[in-house]
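Questions regarding the structure given below will be posed in turn.
The values are calculated or read from the model by the stated rules, or taken from the named source; none is laboratory data. Because the structure is predicted, anything quoted here is derived from the model rather than measured. Because the Cβ atoms are built from the backbone with ideal geometry, glycine has one as well, and the counts that use them run over all protein chains shown. Heavy atoms of the whole protein, side chains included, go into the accessibility calculation; ligands, DNA and RNA do not. Shrake-Rupley method; radii C 1.70, N 1.55, O 1.52, S 1.80 Å.
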Amino acid sequence: MNTLKPIIECILNPFLSEVVEAPSFANIDRIKEVEIFHKSLPGYQVTPLLKLGGLAARLGIHTLMIKDESQRFELKAFKVLGASYAIAKEIKQRLGLENEEITFEAISSQGEALKSLTFVTATDGNHGRAVAWSTKQFGCNAVVFMPRGTSKFRLEAIQSYGAQAAITDLNYDETVIFAAQQAKKNNWILLQDTSWEEYKTVPKHIMQGYFSLVSEFEHQTMMWPTHVLVQAGVGSFAAAIFSYFLASPKPTPKLILVEPAGAACFFNSIEIGDGQPHLTKELNTIMAGLSCGQPSLLAWEIIKLYCDAFVICRDQIAIKGVQLLASPVGDDAIVISGESGAVPVGLIDEICSNQEHIAVKERLKFDSTSKILICSTEGDTDPKVYNQILEREEG
Ligand SMILES: Cc1ncc(COP(=O)(O)O)c(C=O)c1O
């Protein structure tokens, strides 16, 4: 671990647009369509929205709300919201079902034709598991490539849904390129959760799939956040969540991006200052889901214009978050949250309880009126890693 780097760094966005405009892919019709689709999936249930009143009081903020994705189907992560919708959209288009409503029933009733479709993706774990689960539900095939260092547990979790899966000797960004090449070579459908100049349709559908997390939130509470903190790997999730809030007629909360210092591709690109996304070559973080070096282009275009602040932190903040959610303050609920899921709560705790970060606290305007929304994006998606983190001392 590099102990010379600060625990937390924060920069305000120099590219912030003065005009708030929702990206065109986020609109009420699409949000409704996605919501109806997810409700049609077998086993769909709204994930809990928890208010951590004890922690909020200790930190001197008004409210801390956390959406708990450890309970998303049996997958323990939000990713399936994107993968399932994007796969359904591809099936619909490829099987010429343009006049059909997009529901599980309409898609899965296509029988034999579904067996001819193979989806391929690269993943650090959660997205691949979501693709494998979704293809199994619909009755088509999946091939999944994983970066070096991926745990056997994550590999087997994907294989358990009947997908072909393998760990490569490449890093995450190289694995994405490899999966794209394999798609071309084998006539498979690339189902990637990141975008580049020539590849935007599928990742756009994946991002639209993530809208359901916020529409669930809106049905769960009357409270509207003043701040929304979202963790980023390639940024698709954060850009989708931000877009939902930008599309709302209600006041736009402060939108804050959280990344590991060891995989900070947005923060680093903003610091370079030419307005372009840049590759961060060396990735070094325990936050597997956030360990990405190349910002998604679609996400970059939204985040660059509308994200208020970029915050990076060392791994010890994620460890602190995991432990804090496992041993909560007062009567707060226990949340099982993996290292990529728990980093926002660790960050808020560190910023509000350590005087060293007073300047960051002021920059982000955290105070007694703050109603902060965060998402625990995963549960113990790898129970062994989760238990090791619970026992570590530096949190
Ligand atoms: C648990 C978890 N949280 C957050 C993210 C970040 O999502 P994105 O890569 O779209 O930024 C991921 C991505 O895999 C993840 O697995």
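From I319, I351, which residue is assigned to a helix (DSSP H, G or I), touching a Lys or Arg at 6+ places or on another chain (Cβ under 7 Å), within 16 Å of the ligand (Cβ to nearest atom) and in the same structural domain as Q208 (by TED's automatic domain parsing)?
Values: I351 fails: within 16 Å of the ligand (Cβ to nearest atom).
Answer to the check: I319.
Could you tell me whether I336 is open to solvent by less than 20 Å² (accessible area, probe 1.4 Å), within 15 Å of the ligand (Cβ to nearest atom) and on the phi < 0 side of the Ramachandran plot?
Answer is no for this residue.
Find all pairs meeting these conditions: Cβ atoms under 6 angstrom apart; at least six residues apart or on different chains; first residue within the range 272-284 and farther than 20 Å from L298 by Cα; second residue surrounded by 13 or more Cβ atoms within 10 Å (Cβ to Cβ) and of a type in the set (S, T, Y).
L283/S291
From the residues in the range 367-395 that are surrounded by 13 or more Cβ atoms within 10 Å (Cβ to Cβ) and of a type in the set (D, E), which one is modelled with the lowest pLDDT?
D382
Scan the range 64-96 for residues that are away from the ligand (no atom under 16 Å from the Cβ) and crowded, with 18+ Cβ neighbours inside 10 Å and jot them down.
L64, M65, I87, A88, K89, E90, I91, K92
Any residue in the range 76-97 that's in contact (Cβ under 8 Å) with a residue 24 or more places away in the chain and farther than 19 Å from F237 by Cα: show its pairings with residues that are away from the ligand (no atom under 12 Å from the Cβ) and in a helix (DSSP H, G or I) at Cβ separation under 6 Å, as long as the two are six or more apart or on different chains.
Short answer, once both residue conditions are applied: I91/I107.
For the range 99-119, check the following and say yes or no: at least one residue is away from the ligand (no atom under 16 Å from the Cβ), under 20 Å from the mean Cα position of the chain (by Cα), crowded, with 17+ Cβ neighbours inside 10 Å and under 30 Å from E339 (Cα atoms).
No - not one qualifying residue is present in the range 99-119.
Which is of a type in the set (G, A, S), away from the ligand (no atom under 16 Å from the Cβ) and closer than 30 Å to R363 by Cα, of S236, S215? Explain how you work it out, then say what you get.
Details: S236 fails: away from the ligand (no atom under 16 Å from the Cβ).
Selected residue: S215, the only one of S236, S215 that is of a type in the set (G, A, S), away from the ligand (no atom under 16 Å from the Cβ) and closer than 30 Å to R363 by Cα.
Among the residues that make up the range 359-366, is at least one of them open to solvent by less than 30 Å² (accessible area, probe 1.4 Å), within 16 Å of the ligand (Cβ to nearest atom) and outside any helix (DSSP H, G or I)?
No, that holds for no residue.
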